[in-house]
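Each remark here refers to the structure printed beneath this line.
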Amino acid sequence: MEENGKMVTQQYKGLETQFAQLSQQFTQMSQQQRTTNFQLGQLATTVGSMQNKGKFPSTTEPNPKEHCKAIELRSGTQYQGPQLPSEDDIEKETAEVEQEKEKDEVEEIEENEEIEPNQEDEEEKGLMKKKGKEVESSH
């Protein structure tokens with residue numbers, strides 16, 4: 001019986017040692033998991049900052065409702081969106097804008113001619129004055 005008691009005591013001590021080892025391994029694994037989670041968070045932050053700001057990632061998914069015609073709010077109100085101009089409207093508007101620009105340029109040129117006398121006219125007047133003086137001095 002004493003032998004049985006010694007065996008039980010030895011087995012109990014062996015189990016205590018194994019439990020202590022398992023407990024220590026569990027603690028180490030927990031620490032490694034926390035370290036791994038921290039490193040993964042750092043990696044995610046780094047990758048996120050590397051992407052171009054203001055641009056969407058290259059793995060965008062196409063809109064399943066590509067030809068969406070209206071937006072419905074939770075309240076049930078629908079927004080139809082702005083009416084897009086036709087190509088004819090765009091061409092007409094472009095032509096009108098170009099005509100306005102040309103008209104403004106012509107008006108500006110005409111105003112400048114009225115304000116500033118023509119440089120050639122000034123030169124001719126100067127020559128006429130000189131010739132007039134020469135003609136007077138030779139008489």
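The table that follows gives values for the structure above.
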{"quantity": "Contour minus Cα-Cα distance for GLN31 and THR17 (0.36 nm per residue)", "calculated": "2.9 nm"}
{"quantity": "Potential lengthening between VAL106 and VAL47 on full extension [0.36 nm per residue; Cα-Cα distance subtracted]", "calculated": "15.5 nm"}
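Here, each number is a calculation from the coordinates, and none is a lab measurement. Since the model is a prediction, treat every value here as computed from it, not as a measurement.
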